1. For the subset of the stretch A:376-413 comprising residues that are out of contact with any Gly (no Cβ under 8 Å at 6 or more places or on another chain) and assigned to a helix (DSSP H, G or I), which member is farthest from ligand 2 (Cβ to nearest atom)?
2. Of the numbered conditions (1) modelled with pLDDT under 95; (2) away from chain B (no Cβ under 12 Å), A:GLU292 fails exactly one; give the number of that condition.
3. Yes or no: B:LEU20 at pLDDT below 95 and within 13 Å of the chain's Cα centre (by Cα)?
4. I'd like the full set of residues that are within 13 Å of chain A (Cβ to nearest Cβ) and among the hydrophobic types (A, V, I, L, M, F, W, C), limited to the stretch B:87-99.
5. Across the stretch B:174-192, what is the number of residues that are among the acidic types (Asp, Glu) and at pLDDT below 95?
6. Which residue out of B:LEU34, B:LEU20 is of a type in the set (A, V, I, L, M, F, W, C), in contact with a Gly (Cβ under 6 Å, 6 or more places away or on another chain) and more than 26 Å from B:SER128 (Cα to Cα)?
7. Any idea which of A:SER24, A:SER31 is in a strand (DSSP E or B) and either farther than 27 Å from A:GLN124 by Cα or hydroxyl-bearing (Ser, Thr, Tyr) (or both)?
8. Just to be sure, is A:ASP135 over 15 Å from A:THR217 (Cα atoms), charged (D, E, K, R) and in contact with a Pro (Cβ under 9 Å, 6 or more places away or on another chain)?
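The values are calculated or read from the model by the stated rules, or taken from the named source; none is laboratory data. A quick note: this is a predicted structure, and the numbers were derived from the prediction, not measured. A quick note on method: Cβ atoms are made from the backbone with ideal geometry, for glycine too, and the neighbour counts reach across all protein chains shown. For accessibility, only protein heavy atoms count, side chains too; no ligands or nucleic acids. Shrake-Rupley method; radii C 1.70, N 1.55, O 1.52, S 1.80 Å.
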Amino acid sequence: MREYLLGNVAIAKGILEAGAGVVSGYPGTPSSEIVDYLAPIAKEHGIHVEWSVNEKVAMEVAIGASWTGTRSAVTMKHVGLNVAADPFMTLAYLGVGGGMVVISADDPYCHSSQNEQDSRRYAQFARIPCLDPADPQEARDMILRAFSLSEKFGLPVMVRPTTRVSHARADVEVGLPTKRVDSPKFFKNPPRRVALPVHARPLHAELLEKQAGIEATLAEELWNRAEMRGEVGIIASGIAGLYAAEAIAELEADLSLLRIGTYPIPRRSVGDFLERLDMVLVVEEMDAVIEEFVEMVAKERNPDVKILGKRSGSIPGVGELDPLIVRNAIAGMIDLPRKMAPKMSPEALTILPPRPPTLCPGCSHRAAYYAMRKAFGKDAVFPNDIGCYTMGVGMGTVDTCLCMGASITVGSGIRFGGEERPICAVLGDSTFLHSGLTGLLNAAYNGARMTVAILDNSITAMTGHQPHPGTGRTACCELSPPLSLEDICRSLGAGSVDTADPYDLESMIGAFERARDHPGLSVVVAKQACVISAMRAGVRRPRLAVDSEKCGGCKICIKFGCPAIEFDGNVAKINALCSGCGVCAQICPEKAIEVVK
Amino acid sequence: MRTSECDVVVVGVGGQGVILISEIIGRAAMMAGLSVRGVETHGMAQRGGSVINHIRVGCSFSAMISPGSADVLLAMEPVEALRYAHYLSPQGVALVNSRPVMPITVTTGMASYPSIEEILAPLRGICSQVKPMDATGLAEEAGSPQATNVVMLGALSEHLPIEEATILSALSETVPARFLEINKKAFELGKIEVE
Ligand code: SF4
Ligand code: SF4
């Protein structure tokens, strides 16, 4: 069958074709659509699909499943692999039962991420194979191959798509889902399942012994292919291989091309390729993984070859590549003219108003921040976290953002470091359940005097509205046990726990004031559904409008920053984006904003 | 050598239905037996930020279009047309919805929104043809402002190497049946607008 598929959906279909029985993950752009696609159809395929509470948990669930002989896959974004690194590293020693694939999606250019980390390094670090797809078709094909390689070597195999593969669409050839007929069972085998030092030492040796076989097998994969056309060549990985192939076609140049799609990098193929060249350009996104390897192999096989790449400045070391960057690097190498994108006059560009992503009209986070600033003042310290609410950075209530769950812990450290001003750490419900619990426990245990605000909108909003334990249902829409954030916080040791609705500003401000005045560790839960999930659930609130007779033009509502409020001449005006949260009406000093009857 | 039959860059604001255009074109291209590539914006920028999708019909390389080489820039919003104008080839065509969506930087008074002429003039300087149209108005005329994306698709249709009938059947397969009539009308109005 040929279908026009999103890269992540092609991956999901590959997982079904491989007959995996368990798929787990934690949402993170650009990886989320894999589980999003599989969850609603899990039942009909008789498989278990879950949004786990974090990536470490997801990884361990997939490992357990693999140890019953069932094939499993786990999905996350690159930084999620940091969270899951602990089980991941030791799994390489213990090995898998059924094939297990770790999908870690990288985000060059940080489209939706806090860093540009290269997951290929992690695969190298753990000494497991890594497959690096260039497009949705390769992504689907590599998933199938990854399962069989995993079983062949008894190791987890990583598949590493990037944003431009996960969120690309293409006509993709896919097959039908398969149902595997193995009878799952956990076999007791302590030397291979219990990572005691006495077991780990021989397992480490075994892992090293496997490497030669892995390299020899991967060298034969069709994703590592060389085309010889002259003494000047290019070595390119993943999507950069497609950019290079397109540039060669467009330039109609006689250039040799070696594409690398698997890691460990095939040493022999690289050496054979280098031997026949005078000059080579290494094209890859993110780290110079291949380039460093090429430099090493060149020393043995062809010390005279001239190597261009990131170190020579031919390929940028940060951000993502595109076909033009690669084309120009290639043209520069063979002395052809560079092509320039049409330049707009600088004046034309100065008239462009920036359009950064913003909190939605009526987003409860905006109201919660407004109340927070009223209660704490702008001089307080606001350690923040990762979610939609980080977009509130313009409101003066986002002072730090490091990694998932770090708001509470960084806030505690700021207190212990000697900061005397009030501290209000902010994180969302999904992030709190992901990795804020331990931070809160630690803050209570070690006596951090601070407030923690949990902005609870009952969903993982930023990544596309995935459910979590606080939502009350699973990825597959099964009801889950009710959970009270307040009870959790109390039992972790918070001295005062208060809940308020950010749409009711007065009570929200009151809750923050009480928390601020509490002498120890206080928690405020700001509870209101995400407007998008509310809209999807059928909630409709009447819109609001400004009475232009009463509006004095003070712009207080404009400064609040809701995208539905505009300034029109000398009065405010509310546009069609209004979702009816009613908060602007509460801050207008003239009482000029009213519900449209 | 050309490496794609038709390269279209679709730009707009998160929430304007840019992804639907790519889905319909992709489907239509497959029906026509052409290979097709696309890439879209997901994640953070979807929250009211500026978004860009690439669509390449008759292409078997990557989904990314080189700056300076798009045959068509399909802009759902005027300043977004200018923001991504460097993707156009000198022979390219810009189809621009003239109805602004105010960015937060404008509504909060940090920046101002340029006039439509200030936007179109530099565009005219870098490509062969600029066609502004009130696509949102036409969509309203068709029955729903939500169909603005399909008006734009109608305007784009003559530039695609795909028969109109094929695009229309891809449209019918993609949009919910109850909105099909509105969407067909929107498509027609967009097509007529640029004729
Ligand atoms: S998606 Fe939900 S949480 Fe995110 S900005 Fe919009 S309303 Fe707020
Ligand atoms: S009620 Fe006011 S603050 Fe809420 S969405 Fe409408 S305009 Fe924005």
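1. So the residue we want is A:GLY413.
2. Result: A:GLU292 fails condition (1) only.
3. So B:LEU20 fits the description; yes.
4. Going residue by residue through the stretch B:87-99, those that are within 13 Å of chain A (Cβ to nearest Cβ) are B:87-92, B:94, B:99.
Scanning the stretch B:87-99 gives B:LEU88, B:ALA94.
5. Of all residues in the stretch B:174-192, those among the acidic types (Asp, Glu) come to B:181, B:188.
Next, from what is left, pick out any that are at pLDDT below 95: none.
Total satisfying the criteria: 0.
6. On the way: B:LEU20 fails: in contact with a Gly (Cβ under 6 Å, 6 or more places away or on another chain).
Criteria check complete, one pass: B:LEU34.
7. Answer to the check: A:SER24.
8. Details: over 15 Å from A:THR217 (Cα atoms): yes; charged (D, E, K, R): yes; in contact with a Pro (Cβ under 9 Å, 6 or more places away or on another chain): no.
Taking the combined requirement at face value, the residue does not satisfy it.
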